[in-house]
Amino acid sequence: MFVDQVKVTLRAGKGGDGCVSFRRERGIPRGGPDGGRGGNGGSLFLISTESINSLAYFRFHPINKAKKGAHGEGRNRQGRSGTDLELRVPIGTVVREIDKEDILFDFVSPDLKFLAAQGGKGGRGNASFATSTHQSPRFRQEGQPGEEKELMLELKLIADVGLVGYPNVGKSTLISQISAAKPVIADYPFTTLVPNLGVVDVDEFRSFVVADIPGLIEDAHLGHGLGIKFLKHIERTKILVHIIDISPYSQRDPVEDFHTVKKELEAFDPSLVKRTQIVVANKIDLLPGSEERLEKLKKQAKQEGLPFFAISALQKIGLKQVIDAMSRALYEFQEDAYV
């Protein structure tokens, strides 16, 4: 199950109470205070890992509690501290407080660790209150409560290239042909219900990650279709590749499709349309007799100064040229990043 947004309640452990106790041994009728302090409560940590790719665990475990500290005991024995609770999250997880936009932590790489809820401190026993003027204190300190946090966990996939476009334009077919990803492919709208990631090998030493983003439609940024649910997964991509169905069977104008998707991206986040973009006309194997559709889209891409490629993902036509273009664009992006 792919889950990319969950609300969780995290409760750190309460610190153990301090102890009131006095030394009682044969031959020592007036033993002093020997009450130990309570143990600290367990804390909750979030840790990023490559071994999971969804927040599904938290869908079924929305409340997570760390162990409380044990109470102090006589003979100056400190209570055992509560065990910390470490929860694994996928890389790309963003942590926010409920109903707030400020980011508390962003897991952009594996093995990052975030203290989400601090355990309470253990209370002091009466032994720690003894002074030269007050040698027999009969009080102790209660343990402090642990922090309780209500947080929003949101997963934003980390990919180099994002494939965007209307439903059924061939994004899933393309990613299945250029990588080892095996998404569900069918001839009805919204076949892809979750983002798919695939690793594309350029050569022995180079590779990059492609994300197949579920289909956008007009007004996706307002919640229509599936777009609003998955647009956030485009935010981390370095390059956007527009996949456009050029065949006459879509019964849509390819240039209008291109403009509609760009408009939705800009409405969601204006910075998206400023990124490197590539235009790919797909399904040229179904084109004979309607070549003017291809020329119209090619002309539009040229006017906007965008690289243009015509392919058939199903027939594996033109895929190498598209992969090379993606690889070059990523190389240029990295070069600019170091300038």
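Each value in this text was obtained by applying a stated rule to the coordinates, not by laboratory testing. Because the structure is predicted, anything quoted here is derived from the model rather than measured. Virtual Cβ from ideal backbone geometry, glycine too; neighbours counted across all protein chains shown.
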Q. Check Ser207: other-chain or 5+ apart residues with amide H under 5 Å from its amide H, H built from backbone geometry?
A. Val202
**Q.** GluC sites (Glu not before Pro) restricted to DSSP loop in segment 242-339 with at most 15 other C-beta within 10 Å
**A.** Glu304
**Q.** Ranked by how many other beta carbons lie within 10 Å on average, peptides 119-126, 232-239, 317-324 from highest
**A.** 119-126, 232-239, 317-324
**Q.** P(r) of the chain over all Cα-Cα pairs, binned every 10 Å from zero, in whole percent
**A.** 6, 20, 23, 16, 11, 8, 7, 5, 3, 1, 0
Q. Which of the peptides 106-118, 23-35, 39-51 is most tightly packed, and how do the rest follow, going by the mean number of other Cβ atoms within 10 Å of each residue?
A. 39-51, 106-118, 23-35
Q | Computed [θ] at 222 nm, helices only, for the chain once each DSSP H run of length n ≥ 4 contributes -39500 (n - 2.57) | A | -6000 deg cm²/dmol
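After finding the eigenvalues of the alpha carbon gyration tensor for segment 5-155, what semi-axes result from the square roots of 5 times each, listed largest first in whole Å?
They are 43, 13, 11 Å, listed from largest to smallest.
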